[in-house]
1. Among the residues of region 305-315, count how many are part of a loop (DSSP other than H, G, I, E, B) and under 26 Å from L120 (Cβ atoms).
2. For I289, are the conditions met, namely being out of contact with any Asp or Glu (no Cβ under 9 Å at 6 or more places or on another chain), among the hydrophobic types (A, V, I, L, M, F, W, C) and in contact (Cβ under 8 Å) with a residue 12 or more places away in the chain?
3. So which of E160, E165 is within 16 Å of ligand 1 (Cβ to nearest atom) and farther than 30 Å from E266 by Cα?
4. Among the residues of region 6-49, what is the count of those that are among the polar types (S, T, N, Q) and part of a helix (DSSP H, G or I)?
5. For V172, all conditions in the list (1) closer than 30 Å to G319 by Cα; (2) more than 18 Å from the chain's Cα centre (by Cα) hold save one; what is the number of the exception?
6. Tally time: how many residues in region 234-272 are over 13 Å from P191 (Cα atoms), away from ligand 2 (no atom under 12 Å from the Cβ) and outside any loop (DSSP other than H, G, I, E, B)?
7. Select from region 120-139 the residues that are out of contact with any strand residue (DSSP E or B) (no Cβ under 7 Å at 6 or more places or on another chain), modelled with pLDDT of 95 or more and more than 13 Å from ligand 1 (Cβ to nearest atom) and list them in ascending order.
8. Can you tell me which condition A137 does not meet? The list is (1) touching a residue at least 40 places away in the same chain (Cβ under 8 Å); (2) within 16 Å of ligand 2 (Cβ to nearest atom), and all the others hold.
Amino acid sequence: MPPSEPWQLLDTEGKINGRSPMSRKQILEALRLMTISRAFDELCTKLQRLGRIGLYGPVHGQEASVVGSAMALNPKSDWIVPGSREQPALLRHGWPLENMFAAYMGRLDQATIPPGVKLLLRQQSIGAQLPHAAGLAWALKLQGLPGAVMVYCGDGASSEGDFHEACNLAGVMQVPLVIVLINNGYAISTPVAKQTAGNLAARALGYGFPGIAVDGNDVLAVYAASMRAVARARDGGGPTLIECRTYRVGFHNTTDNPNEYRSPDEVAQAITKDPIDRLQRYALQTGAITERGLAKMSAGIAELLDVTRKRVEAMPRPGADSIYEHIYADPPLRMQSQRKDALGR
Ligand SMILES: Cc1ncc(C[n+]2csc(CCOP(=O)(O)OP(=O)(O)O)c2C)c(N)n1
Ligand SMILES: [Mg+2]
C-alpha cells in the first residue's frame with residue numbers, strides 16, 4: 001500500500017529534504033513555465049470577462065503537478081495525452097503559445113498542433129483520453145518505437161469507466177504509460193471524499209503496476225517521481241500511476257462560482273501551500289535566482305503575453321463553416337448534408 005501521506009522533497013518554506021533532482025537550469029525553466037501559466041490564467045480570465053474568450057479553466061494551484069511531470073519527458077520521443085487543465089505542459093511539449101492562445105480565442109485555423117509535436121488534442125469529455133493513451137502506448141510498444149506516453153486526468157475522471165478500462169489494459173499489456181492523476185480536491189463541486197472512499201494511488205496495485213502519491217505542490221517531488229516512472233516505461237517496465245495531491249485554487253472554469261460549495265478558510269489554507277511561492281523561496285535561498293531576476297522574469301512574461309495576445313486578436317475570426325472543419329478528413333454523409341442545409345454548400 002502506498003503511504004497515506006504524499007511524498008515530498010520541498011516543504012512549504014522552500015527547504016529541501018535531500019538533493020535536488022533538478023539542475024539550476026531546470027529549476028529556472030520550471031519557475032518560468034509555472035509563472036507563464038499563472039499569468040496566462042489571469043489574462044484569459046480577464047479576456048473571458050470582456051467577452052473575448054468563450055470559456056477558460058485555470059491551472060491556478062496545480063502548476064507544480066503539471067510542470068514537474070511534463071519536464072520529465074523528451075518531446076522528441078515521448079507523447080502527452082492531455083485532459084483539459086495542463087496548459088504549461090502543452091507549451092513545454094511544443095505547442096506554440098500563439099497557437100494555444102488562438103485555440104482559447106476561437107481562431108481555430110491558427111490553433112493547430114504543428115507536425116511532429118507529439119501531443120493529442122485537449123479532451124473535454126472527462127476520462128475519454130485514457131483509453132486513447134493506453135492504445136497509443138500499446139502502439140509504441142508493438143512498433144518497437146522508443147518513448148513513453150504521459151496521460152493526465154483528474155480525481156473526477158478516476159470515477160469514469162474509461163479510467164478502469166485504460167488502467168486494466170495498460171497493466172495487462174505492460175505498455176509504456178505514465179498516468180498523472182491530478183487530485184485537486186474537486187470535480188467541479190464534488191469534493192474528492194465523495195468521489196472515492198479509498199486511496200487513488202493505491203488503485204494501481206489492483207491493475208498490477210506501481211502507484212505513488214506525491215505532494216502535487218512540490219515541483220521537485222513531482223519531477224523525481226515522473227522521471228522514475230518515465231524511465232521505467234521506456235525500459236519496458238510498464239505503467240505507473242502518479243497521484244499528485246494538490247488543490248484547485250481557482251474556479252472550475254469561468255462559468256463556476258466555487259463560493260457556493262467551499263469556504264474561504266479552506267481556500268486561504270490552500271494558498272499557504274502555493275507551488276510557485278514554494279519554488280521561488282527555494283530558488284532564492286539557493287541563489288538560483290535573485291529578487292531582481294524574479295521581477296525581470298515576470299516582466300518578460302507579461303510582455304510576451306501582451307504581444308502574443310495582440311497577434312492572436314488580429315487573426316481572422318472563423319466563419320460559420322468552421323463548425324464543420326477540423327474533425328473529419330472525410331466528413332460522413334450526415335455531416336455533409338447538415339453543412340449543405342446550413343451553408344448551401
Ligand atoms: C463524460 C463527461 N461527463 C461530465 C462532464 C462535465 N464535467 C466537466 S469537468 C467535470 C469534472 C472533472 O473533474 P476532474 O476530473 O477532477 O478534473 P478537474 O476539473 O478537477 O481538473 C465534469 C463532471 C464532462 N465534461 N464529460
Ligand atoms: Mg479534480
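The values are calculated or read from the model by the stated rules, or taken from the named source; none is laboratory data. Quick caveat: nothing in here was measured; it's all calculated off a predicted structure. Reconstructed Cβ throughout: ideal geometry from the backbone, glycine too, with neighbour counts over all protein chains shown.
1. Qualifying residue count for the region: 1.
2. Yes, satisfied.
3. Answer to the selection: E165.
4. 5
5. (1)
6. So the answer is 12.
7. Hits for region 120-139 are G135, W138, A139.
8. (2)
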